[in-house]
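Peer 1: Right, I'll just put the structure down here and ask away after.
The values are calculated or read from the model by the stated rules, or taken from the named source; none is laboratory data. What you are looking at is a predicted structure, and each value in this text was computed from that prediction instead of being measured. Here the Cβ positions follow ideal geometry from the backbone for every residue, glycine too, while neighbour counts run over all protein chains shown.
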Amino acid sequence: MIDVINNIFKERKAGLIGDYRRNAVMILLCEENDETYIIFEERSLTLRHQPGDICLPGGKLEEGERPEETALRETLEELGLNKEDIVLIGEMDYFISPYGSIIYPFIGKLNGKKLNPNPSEVHQIFKVPLSYFLEKEPVEYEMEIGPNLKEDFPYHLVNGGKNYKFSRGKLNQYFYKYDKYIIWGFTAIIIKSFIDIIKKEAIK
């Protein structure tokens with residue numbers, strides 16, 4: 001049996017344990033009058049999932065697709081752009097949510113093309129100056145995440161039963177208030193990480 005195990009694992013590449021939804025998003029930058037902006041979307045009000053929420057362009061990875069390909073494809077589809085309209089700058093740290101998804105953020109630059117949002121996915125777009133995020137700290141809320149166990153949970157198989165001290169976690173939620181918009185959730189987490197990296201690297 002050890003030979004079988006050796007053959008399976010000797011050249012195997014590590015992956016993630018568990019079945020995760022994989023998504024990729026684009027932090028799309030543009031420049032106007034010597035000011036750098038981040039482009040955000042307000043999701044279509046007719047969508048079944050999170051209608052009207054503020055988000056970055058992006059979506060679900062398709063079979064065999066690399067995350068950067070997804071981020072680019074979804075951005076082009078949602079904003080009515082062509083491939084040559086975006087220059088991919090680089091990648092961000094990816095985010096593993098406690099709700100079973102991985103988000104791969106990328107940074108891109110818009111090449112001065114007028115946006116033509118897809119109304120089936122995007123209600124409207126708006127731009128926020130990068131300087132706003134560099135100067136403004138978000139409202140922060142610490143959200144507790146813990147087991148939500150039902151009565152039929154097999155406590156009898158756990159040492160201590162119902163008195164067992166199950167692990168709990170915390171997720172920091174950030175809220176940016178800009179004009180009439182509230183940027184929060186995973187979008188705000190990604191933006192804050194992006195800004196934190198800029199601040200850290202800029203002072204070196």
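Peer 1: What is the number of the single condition among (1) over 21 Å from Pro98 (Cβ atoms); (2) surrounded by 14 or more Cβ atoms within 10 Å (Cβ to Cβ); (3) modelled with pLDDT of 95 or more that Ser131 does not meet?
Peer 2: (2)
Residue-wise test of (1) in a helix (DSSP H, G or I); (2) of a type in the set (Asp, Glu); (3) out of contact with any Phe, Trp or Tyr (no Cβ under 7 Å at 6 or more places or on another chain).
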{"site": "Asn7", "(1), (2), (3)": "yes, no, yes"}
{"site": "Gly15", "(1), (2), (3)": "no, no, yes"}
{"site": "Asp19", "(1), (2), (3)": "no, yes, yes"}
{"site": "Ile38", "(1), (2), (3)": "no, no, yes"}
{"site": "Glu41", "(1), (2), (3)": "no, yes, yes"}
{"site": "Pro51", "(1), (2), (3)": "no, no, yes"}
{"site": "Gly64", "(1), (2), (3)": "no, no, yes"}
{"site": "Glu74", "(1), (2), (3)": "yes, yes, yes"}
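Peer 1: Here are Leu110, Leu76, Leu88: which of them is under 27 Å from Lys200 (Cβ atoms), surrounded by 11 or more Cβ atoms within 10 Å (Cβ to Cβ), without any contact (Cβ under 8 Å) to a residue 24 or more places away in the chain and in contact with a helix residue (DSSP H, G or I) (Cβ under 9 Å, 6 or more places away or on another chain)?
Peer 2: Numbers: Leu110 fails: without any contact (Cβ under 8 Å) to a residue 24 or more places away in the chain; Leu76 fails: under 27 Å from Lys200 (Cβ atoms).
Matching residue, one of Leu110, Leu76, Leu88: Leu88.
Peer 1: Specify which of the listed residues (Glu35, Glu62) is closer than 25 Å to Ile189 by Cα, surrounded by fewer than 20 Cβ atoms within 10 Å (Cβ to Cβ), without any contact (Cβ under 8 Å) to a residue 24 or more places away in the chain and charged (D, E, K, R).
Peer 2: Numbers: Glu35 fails: without any contact (Cβ under 8 Å) to a residue 24 or more places away in the chain.
Of the residues listed, the single one that is closer than 25 Å to Ile189 by Cα, surrounded by fewer than 20 Cβ atoms within 10 Å (Cβ to Cβ), without any contact (Cβ under 8 Å) to a residue 24 or more places away in the chain and charged (D, E, K, R) is Glu62.
Peer 1: Output the residue which, of all residues in the range 171-195 that are charged (D, E, K, R) and surrounded by 11 or more Cβ atoms within 10 Å (Cβ to Cβ), is farthest from the chain's Cα centre (by Cα).
Peer 2: First, the residues of the range 171-195 that are charged (D, E, K, R): 177, 179-180, 192.
Then keep just the ones that are surrounded by 11 or more Cβ atoms within 10 Å (Cβ to Cβ); that gives 177, 192.
Values: Lys177: 19, Lys192: 11 Å.
Restricting to residues being charged (D, E, K, R) and surrounded by 11 or more Cβ atoms within 10 Å (Cβ to Cβ), the top hit is Lys177.
Peer 1: Conditions first: (1) in a helix (DSSP H, G or I); (2) at pLDDT below 95; (3) closer than 25 Å to Tyr178 by Cα. Asn116 passes all but one, so which condition is the exception?
Peer 2: (1)
Peer 1: Here's something else I'd like to know. Evaluate the range 1-14: report whether one residue or more is more than 23 Å from Asn111 (Cα to Cα) and in contact (Cβ under 8 Å) with a residue 24 or more places away in the chain. If you could, list the steps in order and put the result at the bottom.
Peer 2: Quick first cut of the range 1-14, residues more than 23 Å from Asn111 (Cα to Cα) only: 1-14.
So of that shortlist, the ones also in contact (Cβ under 8 Å) with a residue 24 or more places away in the chain come out as none.
Checking the range 1-14: not a single residue is more than 23 Å from Asn111 (Cα to Cα) and in contact (Cβ under 8 Å) with a residue 24 or more places away in the chain.
Peer 1: Kindly indicate whether Glu151 is charged (D, E, K, R), touching a Lys or Arg at 6+ places or on another chain (Cβ under 9 Å), loosely packed, with under 13 Cβ neighbours inside 10 Å and at pLDDT below 95. Working first, answer last.
Peer 2: Numbers: charged (D, E, K, R): yes; touching a Lys or Arg at 6+ places or on another chain (Cβ under 9 Å): no; loosely packed, with under 13 Cβ neighbours inside 10 Å: yes; at pLDDT below 95: yes.
So Glu151 does not fit the description; no.
Peer 1: Still on this structure, I have one more. Given (1) under 18 Å from the mean Cα position of the chain (by Cα); (2) surrounded by 11 or more Cβ atoms within 10 Å (Cβ to Cβ); (3) at pLDDT 95 or above, identify the lone condition not met by Arg43.
Peer 2: Going through the list (1) under 18 Å from the mean Cα position of the chain (by Cα); (2) surrounded by 11 or more Cβ atoms within 10 Å (Cβ to Cβ); (3) at pLDDT 95 or above, Arg43 breaks only (3).
Peer 1: Leu29 is checked against (1) in contact with a Lys or Arg (Cβ under 7 Å, 6 or more places away or on another chain); (2) in a loop (DSSP other than H, G, I, E, B) and fails just one. What number does that condition carry?
Peer 2: Failed condition: (2).
Peer 1: Give me a count of the residues in the range 81-136 that are among the aromatic types (Phe, Trp, Tyr), within 30 Å of Gly18 (Cβ to Cβ) and in contact with a strand residue (DSSP E or B) (Cβ under 7 Å, 6 or more places away or on another chain).
Peer 2: Pass one, the range 81-136, residues among the aromatic types (Phe, Trp, Tyr): 94-95, 99, 104, 106, 126, 132-133.
If we keep only those that are within 30 Å of Gly18 (Cβ to Cβ) as well, we get 94-95, 99, 104, 106.
Filter once more, so that each one left must be in contact with a strand residue (DSSP E or B) (Cβ under 7 Å, 6 or more places away or on another chain): 94-95, 104, 106.
Total meeting the criteria: 4.
Peer 1: Something else about it: Does Thr70 satisfy the criteria of being among the polar types (S, T, N, Q), assigned to a helix (DSSP H, G or I) and more than 22 Å from Pro129 (Cβ to Cβ)?
Peer 2: Against the criterion (among the polar types (S, T, N, Q), assigned to a helix (DSSP H, G or I) and more than 22 Å from Pro129 (Cβ to Cβ)), Thr70 qualifies.
Peer 1: Among the residues of the range 158-166, is there at least one that is within 30 Å of Gln124 (Cβ to Cβ) and among the hydrophobic types (A, V, I, L, M, F, W, C)?
Peer 2: As a first pass, look at the range 158-166 and keep what is within 30 Å of Gln124 (Cβ to Cβ): none.
No, there is no match, as no residue in the range 158-166 is within 30 Å of Gln124 (Cβ to Cβ) and among the hydrophobic types (A, V, I, L, M, F, W, C).
Peer 1: Continuing with the same structure: Being polar (S, T, N, Q) and at pLDDT below 95 is the requirement here; does Thr70 meet it?
Peer 2: Answer is no for this residue.
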